[in-house]
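Participant: Let me begin by handing over the structure; questions about it come next.
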Amino acid sequence: MKLSVVLATRNEQENIGPCLKSVRGIADEIIVMDERSTDRTKEIAESFGAKVYEVKHEEIFHKTKQKALEKATGDWILQLDADERVTPKLAREVKRVLGGKVFESKNKLFGRHQKSVEKLWGKTWWDEGEVVAYFIPRINMFLGKPLIHAGVYPDGVVRLFKNGRARFPAKSVHEIAQVDGRVGWLTGALTHHDSPTLRRYLARANRYTSLTAQELQTDKTPKNLLVLFVYSFIKPLATFLKLYFRHKGFLDGMRGFLWSFFSALHFPIAYWKYWVNR
């Protein structure tokens, strides 16, 4: 079985090299769909043997990810973001999948996470039939260290799947892939380096709150004082209490507090952006 590693990129010269280096031993093909980067992203990707295609920038980045999937020719596809790295354990498990091994984890934490994903997005895979895709847990690096608590781990994402059996609807930046078949779980992790500094985290948070504001606009969320109160006080308070206390964010020290606090602020900031866009 052949493996295609696919990425969508935009100005990722700091990340693309370490990402592609982590898949050197497993990738038979690397596809990079680049949104006209103005830095050295394309040059670095090509130095790893990647096939690079230039496309226009999309606000919903999953549109570009779907284009990358459609270019893949391997039997299996591993879809990555440039700020992710494949750990050695995950690489070994991917090789075993290519060799015909089927993984179906009974880890209770993974099971709970999968149910929460189903609740948020609906079931985007089948209950029966062949396992054709896998959730992969992610270890999120926040301000230079792994964030273990605050509801972050396992942060499972469907990233490994048989070619032609999964796709991105490209309706939301946070959506999960739709799979024509059953999903299993791998235990080897991706490390996710999206927030090496607080400045980088806040820049990403600003972009995500703007996208949520657009979703509120699409859903025609009411603009009134009651909904304003819910988004300004109820949702952020519930989110902070859940992440910091229920999911033990306090065990990660100041980083756990900052993660819980800024995660809670996502809702009022997004609604305020939507409110003023009259």
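Only the coordinates and a few stated rules stand behind these numbers; no lab work does. Since the structure is predicted, the reported quantities are computational estimates derived from the model, not experimental observations. Neighbour counts are summed over all protein chains in view; Cβ atoms, including those assigned to glycine, are modelled from backbone coordinates with ideal geometry.
Participant: In deg cm²/dmol, rounded to 500, what helix-only [θ] at 222 nm does the chain give when every DSSP H run of at least 4 residues adds -39500 (n - 2.57) and the total is split over its residues?
Facilitator: Mean residue ellipticity, 222 nm, calculated: -11500 deg cm²/dmol.
Participant: Which angle from 0 to 90°, rounded to the nearest 10, does the C-alpha axis of helix 198-218 make with the longest principal axis of the chain?
Facilitator: 80
Participant: Build a GNM of the chain with springs between Cα atoms under 10 Å: which of Leu78, Leu190, Leu226 gets the top mean-square fluctuation?
Facilitator: Leu226
Participant: I'd like the distance separating the alpha-carbon centroids of the range 130-185 and the range 9-43, in whole Å.
Facilitator: Value for the Cα centre distance between the two parts: 19 Å.
Participant: Moving to a separate point now. Classify the range 197-276 as rounded, prolate or oblate, taking a ≥ b ≥ c as the square roots of the eigenvalues of its Cα gyration tensor: rounded when a/c is under 1.5, otherwise prolate if a/b is larger than b/c and oblate if not.
Facilitator: Note, shape of the range 197-276 comes out oblate.
Participant: DSSP beta bridges in the chain, what fraction antiparallel, as a percent rounded to 5?
Facilitator: That works out to approximately 40 percent antiparallel.
Participant: Let me ask something else. Please compute the net charge surrounding Thr191, taking Lys and Arg as +1 and Asp and Glu as -1 over other residues with Cβ under 10 Å from its Cβ.
Facilitator: 0
Participant: Once fully extended, how much extra length lies between Leu143 and Leu109, figured as 0.36 nm per residue of separation less the alpha-carbon to alpha-carbon distance?
Facilitator: My answer for the length gained is 9.8 nm.
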